[in-house]
Amino acid sequence: MANKTRAYILIETSVGKTGEVIESLRKLESMATVDAVTGPFDIVAVAEAETLNAIGDLISDGMHQIPGIVKTITCLSVTYHE
């Protein structure tokens, strides 16, 4: 069985919109976790999907349609072998 593609998504929200954005993100099927955080970003989300294309669709068709998201940075998980 193949491993799922995992992405860590750093999200900046509009002032006062973090709670609403979290609720909307949690409704997306591929979201494994969605957490409010401190620091330069407001939310860190972990998404898992079968393919890299599915992660791309989640971000462009799902996340970027959510009001209150100002900026995202997506970090794909990679497998490291020594």
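I'm trying to understand the selection: among the residues of segment 22-53, which are closer than 15 Å to residue 70 by Cβ and hydroxyl-bearing (Ser, Thr, Tyr)? Selection gives 24 alone. The set of residues in segment 23-48 being under 10 Å from the mean Cα position of the chain (by Cα) and among the β-branched types (Val, Ile, Thr) consists of 33, 34, 43, 44, 46.
The residues of segment 1-46 that are farther than 18 Å from residue 61 by Cα and polar (S, T, N, Q), listed by number, are 3, 14, 18, 33, 38.
No lab work stands behind these numbers, since they all come straight from the coordinates. Note that the structure is a prediction, hence the values are computed from the model and not measured. FYI the Cβ positions are ideal-geometry reconstructions off the backbone, even for glycines, and counts take in every protein chain you see.
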